[in-house]
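Computed from the coordinates by the stated procedures, all read-outs in this text should not be read as laboratory data. None of these values were measured; they are calculated from a predicted model. All Cβ positions, even for glycine, are placed from backbone atoms using ideal geometry, and neighbour counts span all protein chains on display.
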Amino acid sequence: MTEYEIKIPKTLDNEYDNLKELYLQVDEILPHVQTEDYVTFNFENIRWINAEMTVYLGMLFSAVNSKGGKVYALLENLSLKSKEILLKNGFLKSFGLDYELLDTYNTTIPFYRSSIEKIEQIDEYIDKELLRHIQTKTSSDFLGEIKESLLEIIHNVRDHSGSDVIYMCGQHYPRKPYGSQKGTISFAVSDNGIGLIKNIKTKKKLYSTDTVDYFDWAFDKGTSTKNRYDSGVGLYELKKKLLGKGEIKIISNNGYYHIDKTGYTTFLEFPFDIAGTLVIITFFLDDCQTSLFSDTMDLSELLNEWFI
């Protein structure tokens, strides 16, 4: 039996450098982990954790478990603020702590782990835990649009990722960004499957060696690895519905892909291959007061025909 230690960085958020710092340690030990080995995640250096990033930890734990290793956490010196966040969303129950901290500010979207096959249970979680936080801060039409896109993503996880579990978590940040009236909500979904990019590569031949091309393809209108005529709407529709209202970050395989509120994309490459896919959606609630004009005609294809 061998023991390994992973040190959680000082800040665990959805920024590229912090994600890279943590996974580099995991990537170094994974090839060597065997059945009954111990892998301890040491939280003593952490001073801030975004609550929704517990789903990223879930991905890492799954990667260790898939090798037969046992996951433990060293929490003795966990900062009070970080411990408060993890107690409120229930993540620390995974380590035998039987109590939770009451969320008096109603800002917590609890950590959730489930079999990917329990679609009705997942649907109920999205309604009761995510959408109820947004429903008083936006329009009912916008809620329906977002839920539809989220469920499409979750169905894609079930159908194509090869994952057996799904992790979800979120947090309402009432004072972010500075000066906002309603704040932001960040919501994350992750799985332990083959990853978005590998899935596309196995189903479609794009003849490209650039990872960014596969991310771009995934967000294009009408693209899909499914054979249904109406498939492929999940990521494209989510991107469209969040334009001017929110942002998306996807971490999968060796890529980090960010679409900001204006629709501008940024891509960064990792020096490793992450097992699974992590999707982080941030809603800027001040900008989410109206839905899209769903009856507006998309003239892009018609205009293209005119100019051919």
Diffusion coefficient, µm² s⁻¹, Stokes-Einstein with Kirkwood Rh over alpha-carbon pairs of segment 1-61 at 37 °C and 0.692 mPa s: 271 µm²/s
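Within 14 Å, Cβ to Cβ, of Asn14, how many net charges do the neighbouring residues add up to if Lys/Arg are +1 and Asp/Glu are -1? Provide the component values of the computation, followed by the final result.
Details: positive: Lys20, Lys176, Lys249; negative: Asp13, Glu15, Asp17, Glu21, Glu52, Glu247, Asp260.
Summing Lys and Arg as +1 and Asp and Glu as -1 gives -4.
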Aspartates and glutamates whose Cα lies under 20 Å from that of Lys83, excluding same-chain neighbours fewer than 8 positions away: Glu5, Asp13, Glu44, Glu52, Asp98, Glu100, Asp103
Radius 13 Å from Cβ of Tyr112, net charge of other residues (Lys, Arg +1; Asp, Glu -1): -2
Radius 9 Å from Cβ of Ile49, net charge of other residues (Lys, Arg +1; Asp, Glu -1): +1
Nonlocal amide H pairs with Tyr38, under 5 Å, H built at 1.01 Å: Thr2, Glu3, Tyr4, Lys70
Whole-Hz ³J(HN,Hα) from phi, Karplus 6.51 cos²θ - 1.76 cosθ + 1.60, for segment 186-194, glycine and proline x: 10, 10, 10, 10, 9, 9, 10, x, 7
Under Karplus coefficients 6.51, -1.76 and 1.60, residue-wise ³J(HN,Hα) of segment 253-258 in Hz, glycine/proline x: 6, 9, x, 10, 10, 10
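What pairs from Lys81/Lys240; Lys137/Lys249; Lys67/Lys239; Lys147/Lys203; Lys7/Lys93; Lys128/Lys201 go past 28 Å between their alpha carbons? Could the numbers behind the result be given before it?
On the way: Lys81/Lys240 35 Å; Lys137/Lys249 22 Å; Lys67/Lys239 35 Å; Lys147/Lys203 26 Å; Lys7/Lys93 20 Å; Lys128/Lys201 36 Å.
Beyond 28 Å between Cα atoms: Lys81/Lys240; Lys67/Lys239; Lys128/Lys201.
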